[in-house]
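A.B. asks: Pasting a structure below so you can have a look.
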């Protein structure tokens, strides 16, 4: 009986130590700037109000949304982003580059601990497009895209797949 009590005590002590060790570690919480979403421009661009009450355009990092004229996927991506973000307060997390060639802020969008960029990919509304040096969530995005593809969600629907990438679609229209 004494041997059994020692084993139980050891297991309890080890479990408590592991619990304390894990609870003392800092979580990898995103760091960024909060902003209020004013308008969704497309499946990968939003307008936000920052602290100074200035409206800025934000391009979501790591994704490529179908062009709005790319029926029905472009509008579907925009509508989904509106459902998720319209009039919401979000956290804008940057990566290596902070602006694109069009002077839009480049950011990962967080809302209530959900990485919106990843959610759009995983649900099949957009493609993962990880462009160095902005690769912070590359693995998550690529796994999310593979999941959406295997599940046949959105642009990956085998009955009505998106045939051209957004870039191919825009190039063809020129």
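Derivation of every value follows stated rules applied to the coordinates shown; laboratory data play no part. Remember, it's a predicted structure, so these values are computed and weren't measured experimentally. For neighbour counting, all protein chains shown are included, and Cβ atoms are generated from backbone atoms with ideal geometry for every residue, glycine included.
A.B. asks: Need one number: nm distance between label points at residue 165 and residue 142, each 7 Å from Cα along Cα→Cβ, rounded to one decimal.
C.D. replies: 1.4
A.B. asks: Related question: Using 1/(1 + (r/R0)^6) with R0 = 25 angstrom and r between the beta carbons of residue 173 and residue 100, what's the FRET efficiency to the nearest 0.05?
C.D. replies: It comes out at approximately 0.75.
A.B. asks: Kindly state, to the nearest 0.05, the FRET efficiency for residue 71 paired with residue 41, given R0 = 22 Å and r defined as their beta-carbon distance.
C.D. replies: 0.80
A.B. asks: Compute the length gained on full extension between residue 150 and residue 54: take 0.36 nm times their separation in residues and subtract their Cα-Cα distance, giving the result in nm to one decimal.
C.D. replies: Gain on stretching residue 150 to residue 54: 30.4 nm.
A.B. asks: Could you give the length gained by full extension between residue 112 and residue 29, i.e. 0.36 nm per residue of separation minus their alpha carbon distance, to one decimal place?
C.D. replies: 28.7 nm
A.B. asks: Follow-up. Roughly how large, in nm² to one decimal, is the mean projection of the convex hull of the alpha-carbon atoms in the range 33-173?
C.D. replies: The orientation-averaged projected area of the Cα hull of the range 33-173 comes to 8.2 nm².
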